[in-house]
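Trainee: Take a look at this one; I'll ask things after.
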Amino acid sequence: MNGIVASKGIAIGKAYLYTQNEIEMDMTLTDDVEQEINKYNTGKEKTRVQLTEIINKAVKTLGEDKAMVFEAHLTMLDDPTLEENVINKVKEHKQRIEVAVSQAIEEIAAIFESLDDEYMRERAADVRDVGKRLLFNIAGIKMQSLDSLEEEVIVIANDLVPSDTATMDVQKVLGFITEVGGKTSHTAIMARTLEIPAIVGTGTCLSEIRDGDIIIINAIEGEVIINPTDEELKKYENIKQKILADKKKLELLKDLPAETTDGYSVQLFANIGTVKDMNGVLRNGAEGIGLYRTEFIYMDSNNFPSEDEQFEHYKTVGEMMEGKEVIIRTLDIGGDKGLPYFKFQEELNPFLGWRAVRMCLDRKDIFKTQLRAILRASKYGNLSMMIPMIISIEEIEKVKAIIEECKKELRAEKIPFDEQIKVGIMIETPSAVMMADKMAKEVDFFSIGTNDLTQYTLAVDRGNEAISKLYESFHPAVLRSIKMVIDASHTAGIPTGMCGEFASDERAVLLLLAMGLDEFSMSASSIPIVKNIIRKVTMSQIKEILEYVMELNTSEQIIKYMDNIVLELLN
Ligand code: PEP
Ligand code: MG
């Protein structure tokens, strides 16, 4: 079976089918009240045991505050109105227990949803969450989750939402395969950050693989082998060992600068999603954080994270980086990134819809909570703010006005923060590219988000495997856009970084270096690979290469030419 390599490597292990099945309901009526109530009580006790285990584990791994969420689940489980309602449905309406519980849960969730208070409204998701667990336990079906796996596995799924990857037990997941998704879908990005081999966009694979099958993920060539022969096992075990050995070699570069042989140096930063990613950052010698995708804090939570909660995250990362720059991107939600507790309107084109800064400007309450948390944390580290999905100067002005408002409040409250905190924008829309010269006068830095810039420039959905061949950051239109942005920023005297995946492609690195890109930010595991290639070239050599490439007409020609260059350099 073939697919798209989302995160390079080889993984060998047992298949774990992650299908998030629903319970089938038996709608026939029953007179056996006692049997149904017994099933309810057994299911409820099982749920209580599970939740208690989750709480104990969460206190250790996620901290007291996160564990509170599951305490609340326990309270809901014991809610007397739930029990009364369920028993009534069984006794009076002769419903089977699964149907009774499912309806009772929906009724309670609907009451929460109809309340004015936003916090209470969001509790509906919790009610449904407990309800689902209870239902699975009543039916005696094991509920799937990736956060408490019993053994090391290879996860096979139709798709993984970012919150699956954010909460999954990284010690146990050796690799994953998804039927849908592209190279820059957020699941793919998470896999690279976590350094887990992954293949996405395989098309139907769930029906071809059974739980427990032995799987080889060859995430070098984008191939999945089901129940391999002994020879195949041996071959891929050897390749896996070689990859590990190569990685060890590159580790020796950790403390050396990212500098060409003629002394031109750039900064190599890391992209992170959560504090958990900091291990990789420190291990790979990142010189800063070029993109902190804060939406993962929101996705890994059961309601909008409070100012204090966010402050703790930002402060921790700031302190861990010991004075090195940490660029915190403000909430970039919508598109392919949903929230378990917040209902986005159905949109025909979510990637062109109510997302990122658009949502933040409409929901000033949510935005200000985050901005205040970043400002407060700026006292404890070298933090900057970065705004995603900007398309106009008006948006920049509005954002700056809200930041000013937050600063004013903090001054009045006598809460210290860095008065000089830098504010930058992501360049990820064609409109920002065209306006780069003007925008450069309004902000402190740019960071090019090539994942989105490629999809918007080429009008190719980054997550749609059916058109993944068209999604190409080496398209001359994208390369010209990047060059325009870097030139415009330098004319205005501000730096440009790149935090899209393109910044970690060895072939692209040479071109970007020659264009004068100031900072490259990527999954931490890519830093040694990028540093290695930078340390093999001279500036004049790559300037010539760039000049040639900018004259080529097609991505195919560019890629072919750059493939050869990289091959020569590395051999
Ligand atoms: C990008 O679009 O390139 C980017 C870095 O942001 P994200 O991948 O989170 O959309
Ligand atoms: Mg983006």
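Trainee: Please list, ordered by chain and number, the residues whose modelled amide H lies under 5 Å from the amide H of residue 386; skip anything fewer than 5 residues away on the same chain.
Mentor: 328, 329, 330, 424
Trainee: In sequence order, what are the phi-derived ³J(HN,Hα) couplings for the range 278-283 according to the Karplus relation 6.51 cos²θ - 1.76 cosθ + 1.60 with θ = phi - 60°, rounded to whole Hz, with x for glycine and proline?
Mentor: Ordered by residue, 3J(HN,Hα) equals 5, 3, x, 4, 6, 5 Hz.
Trainee: Among 507-519, 307-319, 525-537, how do they line up from the highest to the lowest mean number of other beta-carbon atoms within 10 Å? Display every interim value, and only then the final one.
Mentor: On the way: 507-519: 23.1, 307-319: 18.9, 525-537: 21.2.
Ranking the peptides 507-519, 307-319, 525-537 by packing returns 507-519, 525-537, 307-319.
Trainee: Cα-Cα pairs above 17 Å in the range 350-474: how many percent?
Mentor: Taking all Cα-Cα pairs of the range 350-474, the fraction more than 17 Å apart is 61 percent.
Trainee: With a 1.4 Å probe and all protein chains left in place, how much accessible area per residue does the range 255-529 have, in Å²?
Mentor: Numbers: 10260 Å² over 275 residues.
So the range 255-529 comes to 37 Å² accessible per residue, rounded to a whole number.
Trainee: Classify the range 423-475 as rounded, prolate or oblate from the Cα gyration tensor: take a ≥ b ≥ c as the square roots of its eigenvalues, call it rounded if a/c is under 1.5, otherwise prolate when a/b beats b/c and oblate if not.
Mentor: Numbers: a/c = 3.51, a/b = 2.66, b/c = 1.32.
Cα axes put the range 423-475 in the prolate bin.
Trainee: Rounded, prolate or oblate: which fits the range 209-253 when a ≥ b ≥ c are the square roots of the eigenvalues of the alpha-carbon gyration tensor, with rounded for a/c under 1.5 and prolate only if a/b beats b/c?
Mentor: Prolate, since a/c reaches 1.5 and a/b exceeds b/c.
Trainee: Still on this structure, please answer the following. So for each of 40-47, 95-102 I average, over its residues, the number of other beta carbons within 10 Å; can you give me the resulting order with the highest mean first?
Mentor: Sorting 40-47, 95-102 by mean packing, highest first, produces 95-102, 40-47.
Trainee: Rg to Rh ratio, the chain, alpha-carbon atoms and Kirkwood radius?
Mentor: 0.99
Trainee: Here is a follow-up. Is there a pair in 324/438; 44/132; 438/483; 234/254; 483/531 whose C-alpha atoms are over 23 Å apart, and which pairs would that be?
Mentor: Those over the limit are 324/438; 234/254.
Trainee: Next up: With a 1.4 Å probe and all protein chains left in place, how much of the accessible area of the range 255-529 comes from carbon and sulfur atoms, in whole percent? The partial results should precede the final answer.
Mentor: On the way: 5220 of 10260 Å².
Roughly 51 percent of what the probe reaches on the range 255-529 is carbon or sulfur.
Trainee: Between beta-carbons, use under 13 Å as the cut-off and find the net charge around residue 212, counting Lys and Arg +1, Asp and Glu -1.
Mentor: Counting the neighbours of residue 212, the net charge comes to -3.
Trainee: Now for a different question. For the Cα atoms of the chain, what angle does the longest principal axis make with the long axis of helix 33-61, in degrees from 0 to 90, nearest 10?
Mentor: Helix 33-61 and the main axis of the chain meet at about 30 degrees.
Trainee: Now for a different question. Carbon and sulfur: what percent of the range 33-139's accessible surface (1.4 Å probe)?
Mentor: In the range 33-139, the share of accessible area belonging to carbon and sulfur is 54 percent.
Trainee: Using modelled backbone amide H atoms (1.01 Å from N, in-plane), which distant-in-sequence or interchain residues come within less than 5 Å of residue 9's amide H?
Mentor: Long-range HN contacts for residue 9: 219, 220.
Trainee: Please give every one of the lysines within straight-line cross-link reach of residue 441, meaning a C-alpha to C-alpha distance under 17 Å, and leave out same-chain neighbours fewer than 8 residues apart.
Mentor: Partners within reach: 398, 400, 422.
Trainee: Through the Karplus equation 6.51 cos²θ - 1.76 cosθ + 1.60, θ set to phi - 60°, convert the phi angles of the range 257-273 into ³J(HN,Hα) values in whole Hz; use x for Gly and Pro.
Mentor: x, 7, 9, 6, 5, 9, x, 8, 10, 10, 9, 10, 10, 10, 9, 10, x
Trainee: Per residue of the range 347-361, in order, report the coupling 6.51 cos²θ - 1.76 cosθ + 1.60 (Karplus, θ = phi - 60°) as ³J(HN,Hα) in whole Hz, putting x for Gly and Pro.
Mentor: Per-residue couplings from phi come out as 10, 6, 10, x, 5, 9, x, 7, 9, 6, 5, 5, 5, 4, 6 Hz.
Trainee: A further question on this structure: Toward the positive end of the charge dipole of the range 186-286, about the Cα centre and with charges on Cβ (Lys, Arg +1; Asp, Glu -1), which of 194, 241, 274 goes farthest?
Mentor: 274
The values are calculated or read from the model by the stated rules, or taken from the named source; none is laboratory data. This structure is a prediction, so every number in the text was calculated from the model and none was measured. Here the Cβ is made from the backbone with ideal geometry for all residues, glycine too, and neighbour counts use every protein chain on show. Heads up: the accessible areas ignore ligands, DNA and RNA and are worked out on the full protein's heavy atoms, side chains in. Shrake-Rupley method; radii C 1.70, N 1.55, O 1.52, S 1.80 Å.
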